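Chemist: To start, I am sharing the structure in question, which I have written as structure tokens.
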Amino acid sequence: MYGVYPWASAPDYFNQTNMLQLKVILTPDEIEKLASRSNFRYGKNLAEDSKIRVIKSNTFNLIAELKHGNSKPQTVELTSTTKGFRWKCTCTAKKDYFCEHCVAVGLASSAGRE
């Protein structure tokens, strides 16, 4: 189940007819808007302290595995589509939940660390 940030409610720089590159979408400011305050804070720490392994990466799609300490690895998928920015994580089945793992992978990607 994907969470979706539809272009209709997206900031003005999102173009509804074209997919945006993930590097345009995955800025710290945009990631902070998608996450709750606590998920952003925890995700920021995870980005610095976790092992993030890229499974697949291209201009519009990123799939990565995040491993933190002895916890179970989580797989995150971040995707730009013609309908909006989509995400999912194996930690939750909640649609529209931009979890700490999504935050960590997004921040690592924006910093060029993935």
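Chemist: For the residue pair Lys94 and Lys72, what label-to-label distance in nm results when each label sits 7 Å from Cα along the Cα-to-beta-carbon direction?
Modeler: With each label point 7 Å from Cα toward Cβ, the separation is 1.7 nm.
Chemist: Please work out how much length the chain gains when fully extended from Arg41 to Lys56, using 0.36 nm per residue of separation minus the C-alpha to C-alpha distance, in nm with one decimal. Can you show the working numbers first?
Modeler: Values: separation 15, 0.36 × 15 = 5.40 nm, distance 2.57 nm.
Taking 0.36 nm per residue and subtracting the Cα distance, the gain is 2.8 nm.
Chemist: Continuing with this model, one more query. Report the extension gain between Asp29 and Thr82 in nm, rounded to one decimal, defined as 0.36 nm multiplied by the number of residues separating them, less their alpha carbon distance.
Modeler: 16.9 nm
Just so you know, all these numbers are worked out from the coordinates, no wet-lab data involved. Predicted model, so just to flag it, every value in this text is computed and none were measured. For neighbour counting, all protein chains shown are included, and Cβ atoms are generated from backbone atoms with ideal geometry for every residue, glycine included.
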